[in-house]
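What follows is one structure encoded as structure tokens, with my remarks underneath.
The values are calculated or read from the model by the stated rules, or taken from the named source; none is laboratory data. Only a predicted model underlies this, so the values are computations on that prediction, with no experimental measurement involved. Positions of Cβ are generated from backbone atoms using ideal geometry, with glycine treated the same way; all protein chains shown enter the neighbour counts.
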Amino acid sequence: MKTGKRILAMLLSAVLAGWGLSGCSALHTEKRIVRIAIGQSETHPEYLGLLEFKEYVEERLGDKFQIEIFPNELLGSTQKAIELTQTGAVDFTVAGTANLETFTKVYEIFSMPYLFDSVEAYVEVMEDTDYMKRIYESTEEAGFQVVTWYYAGTRNFYAKKPINKPEDLKGLKIRVQQSPASISMTKAFGAAATPMSFGEVYTAIQQGVIDGAENNELALTNNKHGEVAKYYSYTRHQMVPDMLIANQRFLDGLSAEERAIFDEAARRSTQVEREEWDKQVDEARETAEKKMKVQFQEVDMELFKKKVSGIHSEMLENNESIREFYQHIQKINQKIAGEHAEQGGQGL
Ligand code: GCU
């Protein structure tokens, strides 16, 4: 974090510590300030989804709640924001599942490479709220639970050098999310995995601390990684959702009517986010290509898949908590593949 940002974060933390923990905080008002932390910027689809969340809640419960959104890792890295959500200093945080793996091992499943065979299968799994609820509630003891998910595209490798085949990753220092499963995946691809928080990636590539990273296309534009890494290869190795997590005590303190409004607001934020995503991803690619001169490369995905083919059974062997969920996903993969075959279409 740059110095200015760090000072701001410290000031904000002081403010949160002083006013926030009691729950009712704005200086001359009785309204409960509801704080949401998000690492992304104000133009990102997730931020726009959160604006819908804010509007929906405030229109119905505006006399009681005021929603404040803190973008750009203003309250610290996502890991830090999760800790603040555990204690209740922050009420909601948007976090990738990699950041949740340390709280419950079931989230490791999303780091499994080539888990979903198609975007349709991925979305169908995530939209099955009854099934997902069990997983969402699994962090209750840690003081928070997931209230909804956000689509975060497909992850691909990008670097200062072209990556056309798995051998090109050999020896490259690639930033990965701070999760054991992502580290083993990247190692299996043959790269040197360098875990670090998302906010540090730009400078690390710029200064040559790492050679590249892996993420969706918006990282090139919204987070400006396209300025420092010019080769983006469609390895399509992961579809990792972001989760909106909420402090458990905050949720438990809501009346049934209030909870229903917050739940509906969360659901709507997911819809808006997805619509925005579909709009923004093509624009991001165009901007990256034309303005930033990033070269996009299709690769033979089967070669990359082969490199990590042992990881599924290895992870299933070591992590009992993902087995049932894995079977559930395979069923949906097969169902969608069947539908594609009928329509003469294809997967990813
Ligand atoms: C994506 C995702 C973020 C995550 C980031 C990362 O951008 O939306 O939530 O933090 O990847 O790679 O760390």
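Would you be able to say whether some residue in the stretch 68-85 is surrounded by fewer than 18 Cβ atoms within 10 Å (Cβ to Cβ), outside any helix (DSSP H, G or I) and away from the ligand (no atom under 15 Å from the Cβ)? The answer is yes, given that some residue of the stretch 68-85 is surrounded by fewer than 18 Cβ atoms within 10 Å (Cβ to Cβ), outside any helix (DSSP H, G or I) and away from the ligand (no atom under 15 Å from the Cβ). Within the stretch 201-216, if we keep just the residues that are of a type outside the set (V, I, T) and within 10 Å of the ligand (Cβ to nearest atom), the residue that is surrounded by the most Cβ atoms within 10 Å (Cβ to Cβ) turns out to be A213. Scanning the stretch 47-59 finds no residues that are at pLDDT 95 or above, outside any helix (DSSP H, G or I) and touching a helix residue (DSSP H, G or I) at 6+ places or on another chain (Cβ under 9 Å). Counting only residues that are more than 15 Å from the chain's Cα centre (by Cα) and either within 13 Å of the ligand (Cβ to nearest atom) or of a type in the set (F, W, Y) (or both), the stretch 217-236 holds 7 of them.
Matching residues to (1) within 23 Å of I38 (Cβ to Cβ); (2) over 15 Å from the mean Cα position of the chain (by Cα); (3) within 13 Å of the ligand (Cβ to nearest atom):
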{"position": "A98", "(1), (2), (3)": "yes, no, yes"}
{"position": "D130", "(1), (2), (3)": "no, yes, no"}
{"position": "I135", "(1), (2), (3)": "yes, yes, no"}
{"position": "E140", "(1), (2), (3)": "yes, yes, no"}
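Table: residues versus (1) closer than 14 Å to P241 by Cβ; (2) of a type in the set (K, R); (3) touching a Pro at 6+ places or on another chain (Cβ under 9 Å).
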site	(1), (2), (3)
D128	yes, no, no
K133	no, yes, no
Y136	yes, no, no
T139	no, no, no
V146	yes, no, no
V176	no, no, yes
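Scanning the stretch 100-119 for residues that are touching a Phe, Trp or Tyr at 6+ places or on another chain (Cβ under 7 Å) and within 21 Å of G199 (Cβ to Cβ), we see that the one that is nearest to the ligand (Cβ to nearest atom) is L100. Would the stretch 257-273 turn up any residue that is farther than 30 Å from Y56 by Cα, polar (S, T, N, Q), assigned to a helix (DSSP H, G or I) and modelled with pLDDT of 95 or more? No: zero hits. Got at least one residue in the stretch 151-171 being more than 16 Å from the ligand (Cβ to nearest atom), at pLDDT 95 or above and assigned to a strand (DSSP E or B)? Taking every residue of the stretch 151-171 in turn, none turns out to be more than 16 Å from the ligand (Cβ to nearest atom), at pLDDT 95 or above and assigned to a strand (DSSP E or B). Count of the stretch 114-160 residues, restricted to those that are small (G, A, S) and under 26 Å from A337 (Cβ atoms), is 4.
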